[in-house]
Each structure stands twice: as structure tokens, then as C-alpha cells.
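Visitor: I'd like to ask you about the structure that follows.
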2 protein chains.
Amino acid sequence: MLKAKRLITDLDEIAVALINRTNYHGFWPLLYQVATAGLEPESIAYPVRAILRRYRNANFLLAEVNGVDFEQHTVLTDVGSVSYDYLVLAAGSTTNFFGNERFERYTLGMKDLDEAQRLRNHILHCFERAASERDPAHRAALLTFVVVGGGPTGVELAGAFVELIRHVMRKDYPMLDVHQAHVALIEATDRVLATFPESLQRAALDRLRRMGVDVRLNTPVADARPGVLAFKDGSELAAETIVWAAGVRASPLAEALGVTLGRGARVKVEPTLTLPGHPNVFVVGDMAYLEGYRPGVPYPMVAPVAVQMGEQAARNIIARTRRNPMKPFRYFDKGQMATIGRSAAVLDSFGIRLTGWPAWVGWLFVHLMELVGFRNRALVLLNWAYSYFTYDRGVRLIFGVGAEERLKVERLKVER
Amino acid sequence: MLKAKRLITDLDEIAVALINRTNYHGFWPLLYQVATAGLEPESIAYPVRAILRRYRNANFLLAEVNGVDFEQHTVLTDVGSVSYDYLVLAAGSTTNFFGNERFERYTLGMKDLDEAQRLRNHILHCFERAASERDPAHRAALLTFVVVGGGPTGVELAGAFVELIRHVMRKDYPMLDVHQAHVALIEATDRVLATFPESLQRAALDRLRRMGVDVRLNTPVADARPGVLAFKDGSELAAETIVWAAGVRASPLAEALGVTLGRGARVKVEPTLTLPGHPNVFVVGDMAYLEGYRPGVPYPMVAPVAVQMGEQAARNIIARTRRNPMKPFRYFDKGQMATIGRSAAVLDSFGIRLTGWPAWVGWLFVHLMELVGFRNRALVLLNWAYSYFTYDRGVRLIFGVGAEERLKVERLKVER
């Protein structure tokens, strides 16, 4: 989306068509706050047409792209085909269940607004059911929240679960003993936040444990059943909420292209970000496989890489139209950060490593600035201020996607 | 909900159990703004448990009530039964399709958050499809928005459609001629806002027509097909958006009770709001049929009547526990109002009749004050200020309920 903007600004003699399956640009780093009743979904989504309004040479088509006919220079969508001179593919990524359908079926994902809203509804419904559940074992399962995957998403979600329980559940459900609630973070390797410096990994782990998160390192998962997560060592954990944050893979569009794929089903691209043999087709973002730092290590599937790749693709298209040579992509790493909870985060930028309150304030500031549009910034700021001062979560509402599944827990009980 | 609050405040020696099918209290007078992308659904819903937090004697159960066993003094829900000494039934109303299943199938309702979100997604999707539709007849149908029913909901929705088209569509879809868009308000009788004084009816009608709404009075509908509304006089109107705001009837719970029903499937109650023969069972709000002003004319199905009935039921329960006589319900009519659009409304209160800007400001103020909770007030005020100054609608996002139906239009085309 932001990459398209760059293309438009620089090339006003060219017509740009942006095709997207949704009519909004989602700001996914805050998705876990939607899933934990802190933000309304609308506050992290911004209409594409509002972004494109100011560019007379930009057009938008709401459609799902199913494939590309590279011979005919045509994009195939569910509402017809669109021809191109230059094509930039940036369809992102999807959840990676590593081929196990039961993970897909019995765990909850958190990759888009609908999934986040479904997760919010599910968690709140578990609290409601626990409040009137008399069987202690089932009540414990309703109050057990498991996150699989110790990356930034998993860490942020586990921290947010603890705060939801501590600050909201305690007041809303006085009949429930807050100590019955159990938040577990499951990680297959020996560390959380694998891409961060070791000192910050340890700080995050320490903080999570002090908050009461049951962090289980070196604990690969083996399988899932309704309400049960099974580990490789043969042990099991009963939980009505199992969130899958264990990995991502390229959008299914990558496979539909019929080209060479790298690890994670990502499309192998030239250093110029073009598809081998197709210098007018660019693949950027999570979908693109490009080894950067050293052989065998591709650029990570994170937003800053995607944004910079989009910019480079735009510069290379400009170069080609002016018959200048294209340039290889180089990633300018501004650092990374993750929030763990109230006044707790880790930040690693240009050699500066922060933890605790300073990192948290940095996190708040950067994320607020990166939101598109005044209205969304104001909404998020209002919600953050409200949550900070009241220790409350305003959006603890069960409706919309997944609300119709509110009897899922009961149904699952029967299924077992 | 608010009625329960009254019961709790006055009776802290008694245990109160509130049973509701959702976990929130919805402020329905602003629902049409959710449906027209002006407000996020979350801003007009407030968690029940947040309202009940301060009352130690109140409990909440998230459940659907399916019936009542008056012999056993038991409420039957989808998660088990609940016994009672006193029972207040306030299940509200549902859309009245007057027995025609095709109205239910081929028109869109607007009675709860999910329906409003579905309507929002549908309208935005019609704009998107119109932008790439080459057949002028189908494009016209995509840009025709019909509201059936000239009550406050119909009038407010028709006005909001015009503003959405004028202020948002014009900027977001420069390729569409805004004059192609058509908003029609269909009313079977010879007037809109039937319950208002005649001068205000005329003012509202005049204002709607000046805004460009095609108001068709004396135009009873006969039937609906996919994308077509048929009238009694044999004529038809092709429209992909047909909203049904032609009437309400009591919640299906009324029929499940096995008691005597009045018009609109409402439960006939004594003047004390009790069920005949069951002095410990109260029925209040839209569900209750009680003739007030004169024989044959029941109290209207509006929020102020419901709130005051709830209060009277609470007072009568207190009276019975203290062995005092119960008192009959009397409605204190504070007046009524409806908004038509920006700086346009009608207001009728204690003999004062206002139109235009003063009525609009009165409407804004009253509705803002009636919202529950600081956060929701701040969100709504922020959205209103944003819309007022930018002429924009921030929530023009297609996601959640109904988003998966985004190809509905295409499917309907095939079905025809």
C-alpha cells in the first residue's frame, strides 16, 4: 500500500492501478490489541481510497488476485483480468501451520481484522462461560490461554492476556479467582524474540515470567485436538484458547504463480527485486525471498523490509522507464522493538538497547506515528489514554465475526 | 438494561440476575450511523459487566432465553435454567416482515450491530462494484439505495445515504457520476414520521426532498426479488440495496411464552405491567402491549416508554416486597426527535417544535448524553467532530460480518 504511494508520487505520467482484496490498509503491529479488547478494529484500518484520493493517476480495484499470466502481461482476479506494463506483487504472508491441518482447525490465528475480532469474542466468551461453569477442570481449561510461538506477536499477545486478566477479569468477574487463570507461552527453541540481541531476549523472558506468564522454552508442539495442545515429549495442556503465532509463510498467490519458490513458499527474486526472466515484474515484502546479509539467510518477513522493498521497486521502475540501470535492494535496518505490557518493552536500534519504561514510551510513539490518518491516531491515543488511566479495556464486546460461534465451547465439549 | 440498574440501586437486599443474549448494552438510536460508516460499532455498545460492576448484588448471565416455566418459576436458557421470585421480561423487538419471507431474504435489516455492519459492508461494496461496472443498468442498480418505511429510522437512514454519497462517494469515486446515485424512501401512507406533529412531518418531507431523496408516499410494497422491489401498483424499482425499516414486532420470546398476545405479537399486560394471573412476572418495553392514551392505542415501541416501564416494574417489585400496593404505569412523554442530516432535524418536546439547526444541536446533545460511559461519548464526539469538519466518514471499511458476502451482488446476478 505504502509502496504504491511511493510509485504514484514519483511517476505522475504513469497510471497506477492498486488491486487489493480488502478496501483498507491495516496496521498489523497493533492487531494483538484488537484481539485483547484494547482497540476497535476500525482504529487500525484506513480506507485505501482515502490514501489514493490526492493522486489523480491512481486507481483502486477491490479484488482477489488469483494468478498472473506473464505471457499476456495480465493479472487474473475474481472480477476479471487487468493488463500491465509493470507489475509489483506484494500479497504478503499467511499463517504457517507447517502442514498440520489440526493446528489450523483447533487453534486460533491472528493475521487479519476478522481473526483478531474472532479471538476477542472467543476470549470474552471463555470468561463468560467460566463464570457459570461448575466443573473445576473445564473451568480451568476455559481460563487457560496458550500462545504458540515466542516471536514478537506471541510475546505481545501473552503480555496482553495477563493484563486483560489482571485488570479487567478481576473486576468484571468477582466470582472467578484470578489465580485460576493461566497464560502459557510455548516456544520450540531455547529463547523468545529470536531476532533480538541476547540481553533483550533475557529481559523480555524475565519480565514475562515476573508478570506470571508460564513461558515454556524447548517445548515443541506435536498436535492439537479440541481444547488440548499436545507436545513432542508426550505431555498435554488443556486450554479452550490456543493461539497459533508460530510462524508465517508467503501468501498462496506465490504458489499460484508457477515460479521457483524459496523457504516459506516465498518467491525467489533477483537483487533488483524482479522475477528472474521477467524484468518488468517485481515481488516485494513477505512474499519475496532474497538473501541479504549472507548466503542462506533471507531478509526477514517484517514490515520495514517490505516498505523499503516497495520503495526500491518504485525506484527501479522509474529507472527502467528512463532507460537507466536498476539498482539492487539494500535494507537499512532501523532496529526492532516489542512491547510486553504496561510500561514494559524491549527496543534495539542503532546499537541502543532499551528495556522497561523508556522502551515502552518509544514503542508507543513510533506506533502512533506510523498509523495512517489523523482520525485513527486520535482513536488509538484516546483508547490508550483510557486504558492507561482506568486499567480498563473498552472494547470487551462480543459481536461480529465469530460471535455466532459463541457456543463453540459447548459444541467442542460434545465433540470430545 | 437500564431498568435492571434501577432495580439494583433500590433493592440491595435482593439478588439480581441479568440475563442477556449479548454482553453489551447497545444504544440503538445511533445504529444508522454505524450502517452508514460514520461510527464504529464499538462506540455505541457498552459492556454489561462494566455497568453492573458497582453493584455487589447483581449478576450477569450471557444466555439466550428460550421460554419461561411459570409453574416452576424458572427461566429456560440455552445454557441451563434460572429460577426466580420476580421476573422482568424485556426482550425488545425484532424486524416485522409482515409474514413475507422474500422481504426477509432480499432486503437488509438494521436492528443490531451485526446487521448494521453488514449493511455498511454491503453499501461500500456496491460503490466498489459500480466503479468497475460497464453495464449502465446494473451500475444504476448498484447506486440505487432504497429504504422501505418512513418512520424515524427510515428518514434518518435516507438522509445519511444522501450525505454518504455527496460527501464521500464524490471524492472516493471520481469516475462515478454522483448524479447517477439514487436514494428512495418508500412509505405506504401519505406522510413520513407519522407520530410527529403535522408541521414537523411537512418540514421533514420538504427537507428530504430538497436533499434529493426520492420520497414516494402512498406507495405500498408488494414483493421483493433479488435486486428488485415490487410495488402494489405493479411498478418496480431495481436496486441492489433495499433496507427494510417498515416496522417492528415483539421478540419471538413473546410467542414462546404461550400467553395472550396483542397487535405486533406483544404480550398483553395489566396496567401494573404484570402478566395477567402472574403478579410476580413483569413484561416491559417493546414486548409489552398496554393501551395507554385511549382504548385500542397501545404505548409506542420506543426507548423512552421502555425505560420508564422498567422503572415502574422496579418500583412495583419494591412495593410487593414491602407489601404495599403496586401502581399502574403512566408514561411521561418528554417528546421525540429525528435527525435528517447535517444541521437538519425535527424536535417536538413539551409543545416546542423545532426544525433545522436548533433541532439538530438538540438532537446531538441529547444523544451524546444518553450514551453510557465516558469512552463511548468521547469516541462518538470525536467521530462527529471529524465528520463535521472534514465532511468525511472515517469507518468506510469493508470487513467483519457480511464481508465474506462481498460477491453477493455477483451471485445474485447469476441467480436472476
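Visitor: Of all residues in the stretch B:51-87 being of a type in the set (Phe, Trp, Tyr) and over 21 Å from A:Phe127 (Cβ atoms), which is farthest from the other protein chains (Cβ to nearest Cβ)?
Guide: B:Phe70
Visitor: Where in the stretch B:91-149 are there helices (runs of 4 or more DSSP H), lying wholly inside it, with at least 2 residues that are within 14 Å of chain A (Cβ to nearest Cβ)?
Guide: B:113-131, B:136-142
Visitor: Consider B:Leu200 carefully, then state whether it is in the same structural domain as B:Val162 (by TED's automatic domain parsing), in contact with a Ser or Thr (Cβ under 7 Å, 6 or more places away or on another chain), within 14 Å of B:Gly151 (Cα to Cα) and open to solvent by less than 60 Å² (accessible area, probe 1.4 Å).
Guide: In short, yes.
Visitor: How about the stretch B:287-304: which of its residues are aliphatic (A, V, I, L, M) and at pLDDT 95 or above?
Guide: B:Met287, B:Ala288, B:Leu290
Visitor: Okay, moving on. Just to be sure I understand, how many residues within the stretch B:293-318 are among the β-branched types (Val, Ile, Thr) and part of a loop (DSSP other than H, G, I, E, B)?
Guide: Here the count works out to 1.
Visitor: Moving on. Out of all the residues in the stretch A:54-83, which are touching a residue at least 12 places away in the same chain (Cβ under 8 Å) and either touching a Pro at 6+ places or on another chain (Cβ under 8 Å) or not in a strand (DSSP E or B) (or both)?
Guide: A:Tyr55, A:Arg56, A:Asn57, A:Ala63, A:Glu64, A:Phe70, A:His73, A:Val79
Visitor: Right, another one. Provide a single number: the residues in the stretch B:206-216 that are more than 21 Å from the chain's Cα centre (by Cα) and either assigned to a strand (DSSP E or B) or more than 24 Å from B:Ile123 (Cα to Cα) (or both).
Guide: 3
Visitor: Among the candidates A:Glu115, A:Glu128, A:Glu133, single out the residue that is acidic (Asp, Glu) and open to solvent by 50 Å² or more (accessible area, probe 1.4 Å).
Guide: The conditions single out A:Glu115.
Visitor: Among (1) farther than 30 Å from A:Gln312 by Cα; (2) open to solvent by less than 40 Å² (accessible area, probe 1.4 Å); (3) over 21 Å from the mean Cα position of the chain (by Cα), where does A:Leu61 come up short?
Guide: Result: A:Leu61 fails condition (1) only.
Visitor: So, one more: Taking the conditions exactly as written (open to solvent by less than 30 Å² (accessible area, probe 1.4 Å), closer than 30 Å to A:Arg56 by Cβ and touching a strand residue (DSSP E or B) at 6+ places or on another chain (Cβ under 8 Å)), does B:Glu187 satisfy them or not?
Guide: no
Visitor: Is it the case, given these coordinates, that B:Ala50 is assigned by TED's automatic domain parsing to the domain that holds B:Trp363, among the hydrophobic types (A, V, I, L, M, F, W, C) and not in a loop (DSSP other than H, G, I, E, B)?
Guide: no
Visitor: Moving on to the next point. Pick out, from the stretch B:225-292, the strands (runs of 3 or more DSSP E) lying fully within it that include 3 or more residues that are open to solvent by less than 40 Å² (accessible area, probe 1.4 Å) and within 23 Å of B:Arg320 (Cα to Cα).
Guide: B:278-283
Visitor: Hey, another quick one. Yes or no: the stretch B:323-338 includes at least one residue that is assigned to a helix (DSSP H, G or I) and surrounded by fewer than 20 Cβ atoms within 10 Å (Cβ to Cβ).
Guide: Scanning the stretch B:323-338 turns up no residue that is assigned to a helix (DSSP H, G or I) and surrounded by fewer than 20 Cβ atoms within 10 Å (Cβ to Cβ).
The values are calculated or read from the model by the stated rules, or taken from the named source; none is laboratory data. These numbers come from a predicted model, not from an experiment. Note that each Cβ is placed from the backbone with ideal geometry, even for glycine, and that neighbours are counted across all protein chains shown. All accessible areas refer to the heavy atoms of the entire protein, side chains included, with ligands and DNA or RNA removed. Shrake-Rupley method; radii C 1.70, N 1.55, O 1.52, S 1.80 Å.
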